[in-house]
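Quick notes on the structure that follows.
The values are calculated or read from the model by the stated rules, or taken from the named source; none is laboratory data. If you're wondering where the values come from, they're calculated on a predicted model, not measured in any experiment. Virtual Cβ from ideal backbone geometry, glycine too; neighbours counted across all protein chains shown. Calculation scope for accessible area: heavy atoms of the full protein, side chains included, ligands and nucleic acids excluded. Shrake-Rupley method; radii C 1.70, N 1.55, O 1.52, S 1.80 Å.
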Amino acid sequence: GCVLVVSVIEQLAQWHNSTVKAAMERLCDYIPGKFQIIRHMSCCIDREMNADVVCHSLRLCKQDPGQPLCHLYSPPKREKYSSGLFHALAHARPKCQIISKSFMGFSSVCAFPLLANLCEKMKYVLRNKLPFEDFDGDKFSTFPTLRGYHWRGRDCDDKNTTVYPGRRPDNWDAKSDSNCNGIWGVDPKDGIPYEEKFCKGADSKGVVLLGDSAGAHFHIPPEWMTVTQMSAKSFANLPVAFSDELDWPQFSEITGFLNSTIGGWTDSLYLRLRKRNRCNHRDLQNISQNGGSSGNLLSLIKSLARNQMLDNPAIVIYATIGNDVCNGERDTLAHMTTPKEMLSNVVQALRFLDSHLPNGSHVILTGLVDGRFLWDNLHDRYHPLGQLNKDVTYSQLYSFLDCLQVSPCSGWLTPNETLRNLTSERALQLSNVLKEIARSEKFVNFDIFYMDFPLRQTAEEWRKMGGEPWQLIEPVDGFHPSQIAAALGTGITWKKALREWPQVLGKENPFNDQIEAIFKDQGGH
């Protein structure tokens, strides 16, 4: 984090031909007030020292005994630093000693007074994976972030625990909207409740994602670190991003429902199900977390909101596409999920679902991705931090993260081709476990299907549209699917479902146009 911020400050000074202090003030003017903790760094940054030197001098980056000295940039080449990074640090540390002690007084960014309250909310959300603002305790919220309606359908009465998205209508919602799909009341022409007239027998169902950071749609905006494009507008979404864990589920492949503001376009399984049957409005749950795997999903799944007796069936997408083989450990192969562990974890999750999902539900198991695509298409390209001076490639970024032992995937983000191949081999083994589960396991309340992660088809589709493969990868982290990849993946999944499992999607509601016409007549309500 320190290397990122210092790099941006130094590049701002370079781009605007200003002092470091002026660049610091410029960046602070861009960033919303409570996030301006970077002001504490200002007296230590020197344009003659690169970000690695500054951050090691501040002791925000550390070197454990016996471990290499991690650096993103090539060691300083200026004459007085000609002996390399160690001598640069020796020169810089006296200058940074006072500010270093100041930083050491804070155990984390959450110790800064302005961020303390938000951090407490974040800790609750991360611990429980439930909406922070949920007054009736039904796991749905009227607040967008902090696991609110960006993640689950928006509640329409947060003081009534029997009112929430996805339930079957109470007395056909003649008097109120018990399932928050906006359809309620009685048609004055014939006295029939609108919900009964338009949704009875419509095979309504919700969509639930059990996933990881790809499913939650992790994204760090590149404009946060591209100084040639940077302005106050670049950071307008910082509070929302932070309180959504740097995830953007509202634009995601499975549960996206808002027009994308982070590039590309939004297309999702939820939007297509809603278009197919307007009665499905708001029936979505994105139960994903950064770092999600088949193992920790067993805890995460407990935040599912579905009542077997009162709610509609659901389509559940089980998609932990990488973290069972991805970790930041030096001996990464030894820390990967084994096929035996995968079988146990997934079967346990499916048994939980069988005890919570209404009858008539469906589960789709998604195979793991072949992450060799990442290195093959990015390693020699410049990262957003390196575009100004052509000094940081993705290969350098991957090595830096691996040295810090915080790599999202040591097995794929590496120049070691043998290790990349072994990681993909394990991913295929785990996908085969999922495929066999779908073939052989039977459950009472849902049927089960398998599909490969559609990376190859997505890349082919994007090439036909004139795109390049690297554009399907998030530019800042160089690891997650981009907004374009998410939208294209939706179309591929939908076509497969229509072709092979039409019963999963349900039938098209013949009253969709009438429902929309009434909404327009009533001002959208």
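If you go through segment 218-258 and keep only what is among the charged types (D, E, K, R), farther than 23 Å from C119 by Cβ and outside any helix (DSSP H, G or I), you end up with just E253. When G478, G466 are checked against the criterion of being assigned to a loop (DSSP other than H, G, I, E, B) and open to solvent by 40 Å² or more (accessible area, probe 1.4 Å), a single residue qualifies: G466.
Scan segment 32-65 for residues that are open to solvent by 40 Å² or more (accessible area, probe 1.4 Å) and at pLDDT 85 or above and the total you get is 1.
When you look at D190, is it touching a residue at least 60 places away in the same chain (Cβ under 8 Å), open to solvent by 50 Å² or more (accessible area, probe 1.4 Å), part of a loop (DSSP other than H, G, I, E, B) and more than 30 Å from V369 (Cα to Cα), yes or no? It is false that D190 is touching a residue at least 60 places away in the same chain (Cβ under 8 Å), open to solvent by 50 Å² or more (accessible area, probe 1.4 Å), part of a loop (DSSP other than H, G, I, E, B) and more than 30 Å from V369 (Cα to Cα). Hey, any hits in segment 300-320 for a residue that's touching a strand residue (DSSP E or B) at 6+ places or on another chain (Cβ under 7 Å), aromatic (F, W, Y), in contact (Cβ under 8 Å) with a residue 40 or more places away in the chain and not in a loop (DSSP other than H, G, I, E, B)? Taking every residue of segment 300-320 in turn, at least one turns out to be touching a strand residue (DSSP E or B) at 6+ places or on another chain (Cβ under 7 Å), aromatic (F, W, Y), in contact (Cβ under 8 Å) with a residue 40 or more places away in the chain and not in a loop (DSSP other than H, G, I, E, B).
Given the condition assigned by the TED database to the domain that holds G215, surrounded by fewer than 20 Cβ atoms within 10 Å (Cβ to Cβ) and touching a Pro at 6+ places or on another chain (Cβ under 7 Å), answer yes or no: does some residue in segment 486-503 qualify? Yes, segment 486-503 contains a residue that is assigned by the TED database to the domain that holds G215, surrounded by fewer than 20 Cβ atoms within 10 Å (Cβ to Cβ) and touching a Pro at 6+ places or on another chain (Cβ under 7 Å). With respect to F453, determine if the residue is within 23 Å of the chain's Cα centre (by Cα), in a loop (DSSP other than H, G, I, E, B) and within 27 Å of S361 (Cα to Cα). Yes. Of everything in segment 325-339 that is assigned to a loop (DSSP other than H, G, I, E, B) and touching a Lys or Arg at 6+ places or on another chain (Cβ under 9 Å), the residue that is surrounded by the fewest Cβ atoms within 10 Å (Cβ to Cβ) is T338.
Taking residues in segment 170-186 that are under 17 Å from D311 (Cβ atoms) and aliphatic (A, V, I, L, M), and partners anywhere that are at pLDDT 95 or above and part of a helix (DSSP H, G or I), the pairs with Cβ atoms closer than 8 Å and at least 6 places apart or on different chains are I183/D173; I183/Y194; I183/E195; I183/F198; I183/C199; I183/R278; I183/C279. Can you report the number of residues in segment 258-267 which are among the hydroxyl-bearing types (S, T, Y), surrounded by fewer than 18 Cβ atoms within 10 Å (Cβ to Cβ) and in contact (Cβ under 8 Å) with a residue 60 or more places away in the chain? Within segment 258-267, residues that are among the hydroxyl-bearing types (S, T, Y), surrounded by fewer than 18 Cβ atoms within 10 Å (Cβ to Cβ) and in contact (Cβ under 8 Å) with a residue 60 or more places away in the chain number 0.
Within segment 198-236, being under 27 Å from K275 (Cβ atoms), crowded, with 17+ Cβ neighbours inside 10 Å and either at pLDDT below 95 or of a type in the set (D, E, K, R) (or both) holds for D203, K205, D212. Here R351, R274 are screened, and the one residue that is at pLDDT 95 or above, within 30 Å of D513 (Cα to Cα), of a type in the set (D, E, K, R) and outside any loop (DSSP other than H, G, I, E, B) is R274. Among the conditions (1) under 22 Å from the mean Cα position of the chain (by Cα); (2) within 30 Å of Q67 (Cβ to Cβ), R330 misses just one, which is (1). Please indicate, with yes or no, whether at least one residue in segment 278-295 is among the β-branched types (V, I, T) and without any contact (Cβ under 8 Å) to a residue 40 or more places away in the chain. Looking for residues that are among the β-branched types (V, I, T) and without any contact (Cβ under 8 Å) to a residue 40 or more places away in the chain, one finds none in segment 278-295, hence no. Of all residues in segment 432-481, which are among the hydroxyl-bearing types (S, T, Y) and in contact with a helix residue (DSSP H, G or I) (Cβ under 9 Å, 6 or more places away or on another chain)? Y450, T458 - these are the residues of segment 432-481 that are among the hydroxyl-bearing types (S, T, Y) and in contact with a helix residue (DSSP H, G or I) (Cβ under 9 Å, 6 or more places away or on another chain). Residues in segment 184-240 that are among the acidic types (D, E) and over 30 Å from D513 (Cβ atoms): 2 in all. Which members of segment 294-312 meet the condition of being small (G, A, S) and open to solvent by less than 20 Å² (accessible area, probe 1.4 Å)? Matches in segment 294-312: S294, S303, A305. Name the residues in segment 458-500 that are aliphatic (A, V, I, L, M) and under 19 Å from the mean Cα position of the chain (by Cα), would you? Matches in segment 458-500: L472, I473, V476, I484, A485, A486, A487, L488.
Checking each residue in segment 160-175 for being of a type in the set (F, W, Y) and open to solvent by 50 Å² or more (accessible area, probe 1.4 Å) picks out only W172.
Within segment 401-423, not a single residue is open to solvent by less than 60 Å² (accessible area, probe 1.4 Å), touching a strand residue (DSSP E or B) at 6+ places or on another chain (Cβ under 7 Å) and in contact (Cβ under 8 Å) with a residue 12 or more places away in the chain. Can you tell me which residue is farthest from G478 (Cα to Cα) among those in segment 237-257 that are free of Cβ contacts under 8 Å to residues at least 40 places away in the same chain and surrounded by fewer than 20 Cβ atoms within 10 Å (Cβ to Cβ)? The residue in question is N237.
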